[in-house]
1. Of all residues in region A:116-141, which are more than 13 Å from chain B (Cβ to nearest Cβ) and of a type in the set (A, V, I, L, M)?
2. Within region A:31-50, restricting attention to residues that are assigned to a loop (DSSP other than H, G, I, E, B) and touching a strand residue (DSSP E or B) at 6+ places or on another chain (Cβ under 9 Å), which residue is surrounded by the fewest Cβ atoms within 10 Å (Cβ to Cβ)?
3. Restricting to region B:198-213, name every residue that is free of Cβ contacts under 8 Å to residues at least 24 places away in the same chain, more than 17 Å from the chain's Cα centre (by Cα) and farther than 24 Å from residue B:249 by Cβ.
4. Filter region A:142-151 down to the residues that are crowded, with 24+ Cβ neighbours inside 10 Å and more than 14 Å from chain B (Cβ to nearest Cβ) and list them by number.
5. Please specify each residue of region B:155-165 satisfying the condition of being within 8 Å of chain A (Cβ to nearest Cβ) and either surrounded by fewer than 22 Cβ atoms within 10 Å (Cβ to Cβ) or of a type in the set (Val, Ile, Thr) (or both).
6. In region A:52-81, which residue that is among the polar types (S, T, N, Q) and not in a loop (DSSP other than H, G, I, E, B) is farthest from residue A:8 (Cα to Cα)?
7. Is it the case that some residue within region B:189-198 is buried (at least 19 other Cβ atoms within 10 Å of the Cβ), at negative phi, within 14 Å of another protein chain (Cβ to nearest Cβ) and part of a helix (DSSP H, G or I)?
8. Looking at A:24, A:61, A:53, which one is of a type in the set (D, E, K, R), surrounded by 13 or more Cβ atoms within 10 Å (Cβ to Cβ), more than 14 Å from chain B (Cβ to nearest Cβ) and without any contact (Cβ under 8 Å) to a residue 12 or more places away in the chain?
Amino acid sequence: MALVLAPEPPLPNWLAALDAQVARAPTFFDGRPVLMDLGALPSSTPDVAAFLRTLEQRGIRIIGTEGAHPSWQGVEAWGRPFPASSKPGRPIEVPDETPKVPSPAPGSDVNSLVIDEPIRSGQSVVFEKGDVTVLGSIGSGAEVLAGGSIHVYGTIRGRAIAGLAGNSKARIFCRKMQAELVAIDGVYQTADDMPADLIGKAVQAWLEDDRMKMTALDSTDTGDANGQSFGRNIRQGRRR
Amino acid sequence: MAKVLVVTSGKGGVGKTTSTAALGAALAQNGANVVVVDFDVGLRNLDLVMGAERRVVYDLINVVQGDAKLAQALIRDKRIDTLSLLPASQTRDKDALTPEGVARVIDQLREKFDWVICDSPAGIEKGAMLAMHHADTAVVVTNPEVSSVRDSDRIIGMLDSKTAKAEKGERIEKHLLLTRYDPGRAARGEMLNVEDVLEILSIPLLGIIPESEEVLRASNVGSPVTLASPTGAAARAYFDAARRLAGENIEVVVPMERKGFMSRLFGRRVA
């Protein structure tokens, strides 16, 4: 059995409380393996690795970490991070600042995420479980990554990346296409390579035989559902 | 109830300091007790724009670190006695600001003044974060061009996530101040127009300040434009913005290019 330590911000206070504990029972941690649950720390916590080192200086033997934020440097030194604990309220992994995302009720099998405010430049919303619906716009320099499809009722000016976990059936819909980049299941297209006549239009994008297709949503041309890009030699790339 | 306002933008050179001085002076000219606080530690400018650079003894850092009392560092404006300045230090850098110290100074200022206006440094680093942290209201200064708009978008995201209000789950009030707006260039499509900027940033518009030589001249003589040329278009736009900040409901008028009209009016007056 390993002990689990779950530090809470502010860290100096937490450390002081720990020290008080150790002062009362000096041999408490002797030789015991300790697992660090870092899930309660905000992603902005500076230098988590240094914090872990100060714990080791107190004789605490850390065998692993859990719930470490991917942006933290040096935490890997304490072994392969265990997957984040599946506590309610932390359904999405969100680097940097994000709009307050309503968290799905615990226990419910939620596979969609609705964001009812604009996603600002520099924000990144990651939702691997399913579809993301954005009522506002995705700003230039912002990004949405979804396991399923992405629906945007405003303008996509930043990046929309759908079908994260190998879902080639995912699609991207928006009321106004001005994206810097769109991608589905690793097939991406930058603004330069998009059909110019679709820029600024209501558009959907999907994959067909590993090629990205785009068509105007309000297109009255019902004869051919193959999309505007059909037959065109659109430059696109693939990344994983 | 004192209001703490941060003037911020992300991008540099868009008019944060000029707008801080003009809005602060306009609010004070209307009778409110105002302090403008320079958070640009190491690159202080607000003292110059306010014309107080030769009266700086103590500064924000001295107060934050407890080396001086707040009353010793505050500089009262010579023209409007309800307007004060808390200057930044030019010889230190932003690391000298501590969150606890800043919180203490802001609390003290809240007791003394109706408005505490914080002039944020450019960027998204520590100085800018501390300047916005205690704000109740933010004025996001933006020029009608794409890089400024994108930086403002980023700052708005940070206002919604990194401020004390956001951390408590409250919303910070945000206003857009569009500065250096050139009606002629906007009409010719050389600049983003007002609707484009509002659509992208989707926060309420506080005012549109036309590009004007008066603003430049005012800065150079060390006077907020609302004092230096109070009847000019830029000053009038700042006065309106200040009244909107104070809660008045005044319609925003988009500046138009009306050379013909102006010269006609002028010609008639001369005659």
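The values are calculated or read from the model by the stated rules, or taken from the named source; none is laboratory data. Predicted model, so just to flag it, every value in this text is computed and none were measured. FYI the Cβ positions are ideal-geometry reconstructions off the backbone, even for glycines, and counts take in every protein chain you see.
1. Step one: of region A:116-141, the residues more than 13 Å from chain B (Cβ to nearest Cβ) are A:126-133.
A:126, A:132, listed by residue number.
2. Applying the filter and picking the extreme gives A:31.
3. First, pick out the residues of region B:198-213 that are free of Cβ contacts under 8 Å to residues at least 24 places away in the same chain: B:198-199, B:202, B:212-213.
Okay, now just the ones that are also more than 17 Å from the chain's Cα centre (by Cα), so B:198-199, B:202, B:213.
B:213, the sole residue that qualifies.
4. First, the residues of region A:142-151 that are crowded, with 24+ Cβ neighbours inside 10 Å: A:142, A:144, A:146, A:150.
Residues satisfying the conditions are A:146, A:150.
5. Quick first cut of region B:155-165, residues within 8 Å of chain A (Cβ to nearest Cβ) only: B:156-158, B:160-162.
Once the filter is applied, which keeps residues that are within 8 Å of chain A (Cβ to nearest Cβ) and either surrounded by fewer than 22 Cβ atoms within 10 Å (Cβ to Cβ) or of a type in the set (Val, Ile, Thr) (or both), region B:155-165 yields B:156, B:161, B:162.
6. A:57
7. Yes, the conditions are met somewhere in region B:189-198.
8. Details: A:24 fails: surrounded by 13 or more Cβ atoms within 10 Å (Cβ to Cβ); A:61 fails: without any contact (Cβ under 8 Å) to a residue 12 or more places away in the chain.
Result: A:53 is the single residue among A:24, A:61, A:53 that is of a type in the set (D, E, K, R), surrounded by 13 or more Cβ atoms within 10 Å (Cβ to Cβ), more than 14 Å from chain B (Cβ to nearest Cβ) and without any contact (Cβ under 8 Å) to a residue 12 or more places away in the chain.
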